[in-house]
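Here's the structure, in structure tokens; my notes come after.
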Amino acid sequence: MTDDQSALERLSEVAEERGLRICVVESLTSGRLASTVGAGEGAGNWFAGGVVAYLTDVKERLLGLTPGTDPCSPECAEQLAENGRRLFDADVCVSTTGVGGPGPEGGHEPGTVYLGWATAEGVGHRMLALTGEPVEVLDDTVDAATRLLEFHAEAIRPAGPRRGGAAAG
């Protein structure tokens, strides 16, 4: 069993037990994180969904990114996570942004990745300096983002408010 599988299994368990609502916002990973999280046990009960916004102007319009914010920065990652959390009325949101490679982009080296996180208690980020081919950078980003979701879900006590509505499958 990989660390990613363990984190997803624990995230599923914690979210289900505590009635949490989880979401993701992705740029770098182009939907791979949502696909991973959505495969979690019982995700229809706790995974609110995700937004994939690759272009900066879309991030600005859809997710409220402050115009002029570097798309490969801690500020971008944090704004995406916080605004995604609000959009989905979620307890935990993690965002991904950065440069997958193979070459540099916008003055940032390939493998420069920022994960943003947001809960009702706060907002923050984690910087990753990854190596390897673009597919390896994306895989490592999804693994780290899944672990970050699990970590922040574990920290929520008590569980988020109950919400009405039927679960989607």
Exercise for the section: Take the range 104-136 and flag every residue that is in contact (Cβ under 8 Å) with a residue 40 or more places away in the chain, open to solvent by less than 50 Å² (accessible area, probe 1.4 Å) and either among the aliphatic types (A, V, I, L, M) or under 20 Å from Ala34 (Cβ atoms) (or both). Expected result: Val113, Tyr114, Gly116, Ala118
Exercise for the section: Inspect all residues belonging to the range 84-101 and state whether any of them is part of a loop (DSSP other than H, G, I, E, B), open to solvent by 10 Å² or more (accessible area, probe 1.4 Å) and either touching a helix residue (DSSP H, G or I) at 6+ places or on another chain (Cβ under 6 Å) or within 23 Å of Val135 (Cα to Cα) (or both). Expected result: yes
Exercise for the section: State whether the residues of the range 55-62 include one that is of a type in the set (Ser, Thr, Tyr), touching a helix residue (DSSP H, G or I) at 6+ places or on another chain (Cβ under 8 Å) and on the phi < 0 side of the Ramachandran plot. Expected result: no
Exercise for the section: State yes or no: is Pro67 open to solvent by 20 Å² or more (accessible area, probe 1.4 Å), out of contact with any Gly (no Cβ under 9 Å at 6 or more places or on another chain) and modelled with pLDDT under 95? Expected result: no
Exercise for the section: Please verify whether the range 83-104 includes one or more residues that are more than 19 Å from Arg126 (Cα to Cα) and either among the aromatic types (Phe, Trp, Tyr) or touching a Ser or Thr at 6+ places or on another chain (Cβ under 7 Å) (or both). Expected result: yes
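Might you let me know whether the range 38-46 holds any residue that is more than 18 Å from Asp91 (Cβ to Cβ) and either out of contact with any His (no Cβ under 6 Å at 6 or more places or on another chain) or touching a residue at least 40 places away in the same chain (Cβ under 8 Å) (or both)?
The initial filter retains those residues of the range 38-46 that are more than 18 Å from Asp91 (Cβ to Cβ), namely 39.
Imposing the further condition that a residue be either out of contact with any His (no Cβ under 6 Å at 6 or more places or on another chain) or touching a residue at least 40 places away in the same chain (Cβ under 8 Å) (or both) reduces the set to 39.
Checked the range 38-46: at least one residue is more than 18 Å from Asp91 (Cβ to Cβ) and either out of contact with any His (no Cβ under 6 Å at 6 or more places or on another chain) or touching a residue at least 40 places away in the same chain (Cβ under 8 Å) (or both).
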Completion exercise
Scanning the range 137-169 for residues that are modelled with pLDDT of 60 or more and of a type in the set (Lys, Arg), the one nearest to Ala39 (Cα to Cα) turns out to be Arg147
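With respect to Glu75, determine if the residue is open to solvent by 70 Å² or more (accessible area, probe 1.4 Å), charged (D, E, K, R) and without any contact (Cβ under 8 Å) to a residue 24 or more places away in the chain. Can you show your working first?
Values: open to solvent by 70 Å² or more (accessible area, probe 1.4 Å): yes; charged (D, E, K, R): yes; without any contact (Cβ under 8 Å) to a residue 24 or more places away in the chain: yes.
Considered against the rule, which asks whether it is open to solvent by 70 Å² or more (accessible area, probe 1.4 Å), charged (D, E, K, R) and without any contact (Cβ under 8 Å) to a residue 24 or more places away in the chain, Glu75 comes out as yes.
The values are calculated or read from the model by the stated rules, or taken from the named source; none is laboratory data. What you see is a predicted model, and the numbers here were worked out from it, not measured in a lab. When we count neighbours, we look across all protein chains shown, and the Cβ atoms used for this are built from the backbone with ideal geometry, even at glycine. For accessibility, only protein heavy atoms count, side chains too; no ligands or nucleic acids. Shrake-Rupley method; radii C 1.70, N 1.55, O 1.52, S 1.80 Å.
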